[in-house]
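To start, the structure itself, in structure tokens.
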Amino acid sequence: MMTRSVQPLVNGNIEVTIPIYIRREGTRVFMNKNSENDKTEDGELSPLRRRVIMGFQLLDKWEKNPLLSSTALAEEETMDRSLLCKIMSLANLAPDIVEGIMSDPPAFDFSVKKIFSHRLPADWNEQRKFLGLPEKDYTAK
């Protein structure tokens, strides 16, 4: 079983790995914590969980092709460019917020509407303030 890991990077950033397995059955998407072959249903993904995962997938796709414009990526994904940018901004959520959204049961009760109601701040403590959470010390130790 994989575990959560936190690593300080050379550039001062922090890399956080939150292990989950995503499986699809038709149009339904499920999240499992144990293994990708585990057939127990931990639950169908909420709209927010889907968008967080999609945000990381889109960012990864964009980083792999630096010549791809956001407009071209939006067209490729058949979505509006403004929605694409909002979804991709979820990849910049503080690691503990992402972990809380992906935990079972979710540690936070945020809706997609709440998060997309205003532009999501880049600063993690500003995100916490925007979402009504207390400040946290994010310095690498």
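The values are calculated or read from the model by the stated rules, or taken from the named source; none is laboratory data. Nothing here was measured: the structure is a model prediction, and the numbers come from that model. Heads up, the Cβs are rebuilt from the backbone with ideal geometry, glycines too, and the neighbour counts pull from every protein chain shown.
Filtering region 95-113 to residues that are among the hydrophobic types (A, V, I, L, M, F, W, C) and at pLDDT below 90 leaves V98, I101, M102, A107, F108, F110, V112. Scanning region 100-122 for residues that are loosely packed, with under 15 Cβ neighbours inside 10 Å and part of a helix (DSSP H, G or I) returns K113, K114. Screening A91, A72 for residues that are within 19 Å of T17 (Cβ to Cβ) and modelled with pLDDT of 90 or more leaves exactly one candidate, A91. Would you check if D96 is surrounded by 14 or more Cβ atoms within 10 Å (Cβ to Cβ) and either among the hydroxyl-bearing types (S, T, Y) or under 19 Å from S5 (Cβ atoms) (or both)? Answer is yes for this residue.
Being of a type in the set (D, E, K, R) and more than 28 Å from D137 (Cα to Cα) is the requirement here; does E99 meet it? No, not satisfied. Every condition in (1) closer than 27 Å to G12 by Cβ; (2) touching a residue at least 60 places away in the same chain (Cβ under 8 Å) is met by S111 except one, and the failing one is (1).
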